[in-house]
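Right, one structure below, let's go through it.
We did not get these values from a lab; they are worked out from the coordinates using the rules stated. Quantities reported herein were computed from a predicted structural model and do not represent experimental measurements. Cβ placement follows ideal geometry from the backbone for every residue including glycine, while neighbour counts extend to all protein chains displayed.
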Amino acid sequence: MRIRVLPRVELSDEEDLSTMLTNEMKTLIRNHSAGMVATVNADGTPAVSPKATFLILSDIQLVFSNIRSPNTVQNIKDRPNVEVCFIDLVLRKSARITGRAKYIEKNEAAPELVGKFEQAYGDYLDAMSGFVMIDVMESEMIFSPAYDLGISEDELLESNMSKLNSIYQIDLS
């Protein structure tokens, strides 16, 4: 498995923070906006929950809305460390983002933030009760071992689309 890690760094206010989310990561997140959010329960056990309303606010900040996530929100309020994984199942690569999260009630959120969610996920806006802001502390791209074996992205695309087509019995290409 190939992993490219952007090292954890302590940056001063004057330093450039723009490299935390690479263009490749941002493209993957925009194309596959459902992220698997990992938090920690009160008893120390892991909790992973899919969230499908992610937005990229900047190179160092992500946000998702709270629609139906009381356990995730409570975990974040009590223990703000999170990890999110966005997966491109077809091309067999993912972006893993580690950060610190903060919950903001919808009625306390900046109008600009609510507007971004209205634009992107308008049909769900009334169901949103708040937002989880994630400050990116570390990020990495993870690639399938298939790439190490010399299998190309085009070959993975063809093979995995064929699998999906056979599962759903429709042509997704």
Under a 10 Å cutoff between Cα atoms, tell me which one of Asp135, Asp78, Asp43 has the largest fluctuation in the Gaussian network model of the chain.
Asp43
Rg followed by Dmax, in Å, when the chain is reduced to its Cα trace:
17.5, 54
The chain: calculated mean residue ellipticity at 222 nm from DSSP helix runs of at least 4, using -39500 (n - 2.57):
-8500 deg cm²/dmol
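Relative contact order (percent) for region 15-148, with alpha-carbon contacts under 8 angstrom and 6 or more residues of separation?
Numbers: 243 pairs, mean separation 36.7, N = 134.
Across region 15-148, relative contact order equals 27 percent.
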If the cut-off is a Cα-Cα distance under 18 Å, which lysines reach Lys77, setting aside same-chain residues fewer than 8 apart in sequence?
Lys51, Lys102, Lys106
Neighbourhood net charge (15 Å Cβ-Cβ; Lys/Arg +1, Asp/Glu -1) for Leu125:
-2
Considering only the other residues whose Cβ falls under 10 Å of the Cβ of Leu156, what net charge follows from Lys and Arg at +1 and Asp and Glu at -1?
-3
